[in-house]
Each structure stands twice: as C-alpha cells, then as structure tokens.
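Here's the structure, in structure tokens; my notes come after.
The values are calculated or read from the model by the stated rules, or taken from the named source; none is laboratory data. In this text, all values refer to a predicted model and were calculated from it rather than measured experimentally. Ideal geometry is used to build each Cβ from the backbone, glycine not excepted, and the neighbour counts take in all protein chains shown. Note: accessible area is taken over every heavy atom of the protein model, side chains too, but ligands, DNA and RNA are not part of it. Shrake-Rupley method; radii C 1.70, N 1.55, O 1.52, S 1.80 Å.
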Amino acid sequence: MDNRQNGTPPGPREGGEPPKFPARGLAMWLLLLAMSLTMFQVFRQGQDNELRVPYHPDFVDMVERGEIARAEIVLEVSGQQYVRGELLDVDPKTSRPRQFRVDVPFSDSLTELLISNGVPFEYRPQNPYIWSLITGAIPFLLIIGLLYFFFFRQMRMAGKGAMSFGKSRARLLTRDKNKITFGAIAGIEEAKEEVHEIIEFLKDPKRFQKLGGRIPKGVLLVGPPGTGKTLLAKAIAGEAEVPFFSISGSDFVEMFVGVGASRVRDMFEQGKKNAPCIIFIDEIDAVGRSRFSGIGGGHDEREQTLNALLVEMDGFDTQEGVIIIAATNRPDVLDPALLRPGRFDRQIMIDLPTLEGRAAILRIHSKKIKLADDLDLRRVARGTPGFSGADLANLINEAALLAARENADRVGMPHLEEARDKVRWGRERRSRLMDDNEKKLTAYHEGGHALAMLLMEESEPLHKVTIIPRGQSLGSTMQLPEKDRYTESRQKLLAMMVGIMGGRAAEELVFGDITTGAYSDLKQATKIARMMVCEWGMSPLLGPQSFGNREETLFLGREVNRNFEFSEETSRKIDQEVSRLAKEAYDHAMKLLGDHRKELDMVAELLLERETLDGREVEEIVKHGRLLTEVERAESADTSDRAASSTPPPVPEKKKKERSSDSAMGEPETGPSVA
C-alpha cells in the first residue's frame, strides 16, 4: 500500500535499511581517480629512461655537433626551465630515439644556441592551476579514503552507521512481498477470528467507534513453540491493507546503554507517522522480562528499554490506529505492568492443534506433495497427538524425502508412519547390534507393554509394537488415541500406569530378573502417580487437595522464601500414596501377564521373527490365539460391520457416569508410549 495515497508521509525503506548517502558513489570514483593518478606518476617516474646531461659543456657540445633531433623548452610554474627532447642516437633496447633532459637557467642564450645550430624547438608552459589542484587534492583524497575504509566503514558495519544506533530496526512488510494469508493457516480458528476483528477495525474504524467502543491497544499471542504465532502475524500483514512493521525483541538490546529505549521511541514515532498500522514484536520476552530480579540484581539496559515500551504503549491515543501485536512462549516471565489492561488488553492463546486442526494442517502442507490415492491424512492426524504445526510440516517433508530416497512415485502411508516415528523418537538405529539374549529381553518387554495396554479396557487402542532400536529406546509400543482428550478419569490414568508397568512386569515374570531398560517407564509412571496425588486430588487417603510440588523451577528468586502449606507428615503420606499407586499398577500388570502367559510368548516370538507387529495382529493373538488369514480377517470385518449397523454397541456402566468436576485437570501424555 502506498502511504502517499492516504496523505501520510512515506515510511522507511523496506527491510528497515537506512537510505544510502547519494554522494557515496562519487566519492568512491574520486578516490579511485586520485589513486590511479598517483600510481601513474610513480610508474612513470620508475620507467623514466631520460638521459640527464649538464648544460655546459655537454649539452652545448651536443647542439654544436648536431646530435639533437628536436627539443622542447618547458617553463615551470616556479620560474625555472628545462629542455627535453630526442637525440639522433637510437636506443638498442627499445629501437627508439633516446630521450634527454637538461636543466638550464632562464636566459635568452638558450634560444640563440638552438637557432644558430638549426635545432627545431618549441615552448611548453605548465598550467599552474591544474598542477596546484592535483598536488593539493591527491594527499587530501588519500587521507579521506583511509579514514573511510578504516573508520567510517567499520562503524557502519558494526552499528549500521554511527548516527543510526538509536533508530528502529523495524522492517516494513508490503503486500507484494508477503504472500501469506489466512487461507494458509489452519488449526487456530479462534485466534484467526480474534485478529480478524482487529483487521476490520483498521480498515473501518468508524464501524466500531460509533457505539463508543475502542479496539485493544495491544494483543499478545501466547502458545508453545511451533504453533503458528509468527505465521499468524505474517498472515495479518498479508490480509491488512495497512503498513505492517515487524521487529524482534532482541533487536532492542544493544551493547550501548540507552540504545534500546531510543529504538522503542523511534519505532512508535514511525508508527504514528504511518497510522493506521500494525507493529509486531516477536519474542517480546527478550525485552519484557519482569523487573523483579530477586537474585543477582537487575539489568539496567533491559529495564530502561522496558520502561520506554511501557510509557509508549500507554502514552499514545488508541484512536490513532496503531495496534501492537506481540508473540511469546514464556508469558510467565513477562512484567505484570506489561500485561495490564491499557497495554496488552487481550491475550490470545494459540494451543497445540486438535485432531481436526492437525488434519487441516496436513492437508495444507501436502498440497505440493504427490500423495497416494489411498492415503488417509486423518489417520496420520490421529497418530500425531501433541504435534505442533511445525512438527507436522516437518513430518510431511520427511515423508517426501523418504519416498524420494526409495524412488517411489508417490508418498504413501508407510512413508508417513516412518516419518512420524522419526520425528517423534528419531531414526531407526539398525546399526545398534544386540545379541540374542538382549533381543529376546526386548521382545518380551515390548510384548508386555502391548498385552497390558490391550487388556486394560480404559486404555487407548494399540497401534504398533516394534523391537527396532530408535533414538534412545531399544523398542517402542505405540497407541493411537481415538480423539483429543482434555480431561482424564482416575480409571484411565490407572490403566495407563498398568500399561507402562507391563514391560518391567514381563521381564520379572519370564526371566526372574529385572534390567535397566524400564528407566523411562518408571519415570513416566511415577510422574503420573505424583500428579494424581498432589495435583488432581485422586488419593483416597489425602482426599481432594492440591499440595503443589516441591521441585518447581525457581524463577527470579520468587520461590526462595516460599513456605510450603503442608507438613512433613503430609509429605510422608504423599510419598506413601505415590508408592502405593505405582506398586498396585505393577502388581496388576504382573497378574494380567501371568494369566495370558501363552499370548505373551507368542507375541514375543513373532516380534523376534518380524521385528514389528500391528495392533490388529496382537489383538488377534489375544482373541483367537493365532494370526488370522486375510480371508478370515475380511469375514470378521463384515460380521463386525453388520453387527454395528443392526444394534448399537452397549455403553459400559462406568462410562455413563457423569463427571461433576468443573475444573479441567492437566492432560497427561496420551499419545504413543515408548519403552
């Protein structure tokens, strides 16, 4: 959008670069000319082959003997004169007449001597103005050139010019440079609606002002990394027909004191000149951290910059149409004064995408990818809980690279599943050689996970189990959640713990010994048990209370003198309850695997043979005691479809109970688990 169309002065150059000095090219050419002249003079003096002879008696004798072909009398500015010319003698090296030069006093006897002996000559006076200009300008230009290259150029490269330290580095994005719009974003529909309201206000402010309302001065985008905060800001720039200034929080921090505050003031001054406009500050926590230090003192430069930002955000009128949009994934470290109404009036939470959001994101990123006809992106979305938009983009790219390495025509489901496993857990490490005993141990360990997860009614559907080393694990057991869950019941959490303990239980049941392979399992189960007791009030002994966590991360010294609200006796009860929940889950897993020892052996043998089993195959072993043929699987699927269409499946009694809790509990890891 051209700023001159709406009567506003032109903004800064695109990209935030300062305008170049117009005489810079002229100065460079003058410097090169002076250096060329100097080198020419030095070269000419070095290559001078003139024969210097004294005036008397050598020059007089040469004239009288007729050895001079022609002469030239040069009158210098200083009043001196000399004679130069050519001899009749030829230089054998160059095959040219030899040159000579004679310094003579200023008198009329020289001309009489040349005339009387028939030597042709002419006068050549020097131009005093040109000579004085050249001799005076060359040293001056050389000094200026040295100063430019060794001082001004270094200062310009270090700080974008000595006089531009306090200038804002905000980059102006225009519509022709930014092609991202809301159509290229998915999974954050609520956030798009809220920022769309701001864009409509900037296009038609009177529509919102006629009822007395005002648009928020600042909007803070909050969310985990990779969820699309910066992408949403770029889409705002693509949708809005107003100037869009983009700057990072780290651009305000400089080695010189006071530069950050000056850049803040200059940025808002540019915003006022180009109003209505949007100013986007990415990673604002770099400059907006809390001024309460607690430990180690403060940071004067950062505090000055933050103070300038606070004053500017609350100092200009909202009706000017300058909207501040900032993004951060650490809202807990921001200064409270920055978050109060009047500065950042609105906080937009951009969370990890849901199942539908992940499917939409996969469709956007796969538009330029050749996909197989039978590819189900929704199934891929089901298998990627907890993935951000950046993770899903990386997943599609990895699948395309994998298909290209295999010389495949299209990207299929196996490529996407392998890419998902690679993004989440790392690449397969087939180079990690294991002996037969370790392979057998890993097979029973993963088989124990698979059977325990499958036999627990509240557990998520089993997807795949493998003994191929990947990342730090020797094997993996994966589940596919049927839907996104925001609350978890106590029975579901206990079922998760039983499935996690299935690996260690299988080791002890089969080999009579335990190994270090269950390290991550025990860590994950202990975390769930402690959160059940301390955070979610699911302990019958301690009741519905929240006790916090003594291992919370200290931030800026705020928790140094914190007094815990429970006694040491309560702390011992918490430890006892956590231990009891973990032990009960372990005992339950031991009982399940002991009752299905035959199925456990069969799953382990198939894992040793195939290395990977599908969840459907493990389910067939549990139900039928063997793997079904393709014909039997087709018949079983037809029977299930007819039964589902005739009578709806009964709802378990425990699922009919309504949850009466109004507060949402934290969501544990419900995605695929790794042993």
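Here residue 345 sits with roughly 50 square angstrom of accessible surface, probe radius 1.4 Å. Per atom type, the stretch 416-546 shows carbon and sulfur on 50% of its accessible surface, probed at 1.4 Å. Among the GluC sites (Glu not before Pro) in the stretch 395-453, those placed in a DSSP loop whose Cβ has at most 16 other Cβ atoms within 10 Å are 406.
Greater than 22 Å separation of Cα atoms is the criterion. Which listed pairs, 440/464; 370/464; 210/234; 370/422; 464/598; 483/598, meet it? Mind showing how you got there, number by number?
On the way: 440/464 18 Å; 370/464 26 Å; 210/234 29 Å; 370/422 20 Å; 464/598 20 Å; 483/598 32 Å.
Checking Cα-Cα distances, 370/464; 210/234; 483/598 exceed 22 Å.
3J(HN,Hα) along the stretch 302-314, derived from phi through the Karplus expression 6.51 cos²θ - 1.76 cosθ + 1.60 where θ = phi - 60°, amounts to 5, 5, 5, 5, 5, 4, 5, 5, 5, 5, 5, 5, 9 Hz, with x in place of Gly and Pro. Checking the cross-link pairs 192/527; 206/368; 523/573 against a 30 Å limit on the alpha carbon distance flags 192/527; 206/368 as lying beyond it. Remark: accessible surface ordering of 504, 626, 98, 214 (largest first) is 214, 626, 98, 504, probe radius 1.4 Å. Derived scalar couplings between HN and Hα for the stretch 596-609 equal 10, 5, 4, 5, 5, 4, 5, 5, 5, 5, 5, 5, 5, 7 Hz in order, rounded to whole Hz, by the Karplus curve 6.51 cos²θ - 1.76 cosθ + 1.60 (θ = phi - 60°), x for Gly and Pro. Ligands, DNA and RNA aside, residue 215 has an accessible area near 10 Å² when probed at 1.4 Å.
Counting only protein heavy atoms and using a 1.4 Å probe, the accessible area of residue 568 comes to about 110 Å². On the stretch 198-248, 53 percent of the accessible area sits on carbon and sulfur atoms, based on a 1.4 Å probe. 5 Å is the cut-off here: which amide hydrogens, built 1.01 Å from N in the peptide plane, fall below it relative to residue 371, excluding neighbours closer than 5 in sequence? Under 5 Å from the amide H of residue 371 lie the amide H atoms of 411, each far enough along the sequence or on another chain. At a probe radius of 1.4 angstrom, the accessible area of the stretch 455-521 per residue rounds to 39 square angstrom. Residue-wise HN-Hα couplings along the stretch 488-497, as the Karplus relation 6.51 cos²θ - 1.76 cosθ + 1.60 with θ = phi - 60° gives them from phi, are 10, 7, 5, 5, 5, 5, 5, 5, 4, 5 Hz; Gly and Pro carry x. Note on surface exposure: 596, 624 rank 624, 596 by accessible area, highest first, 1.4 Å probe.
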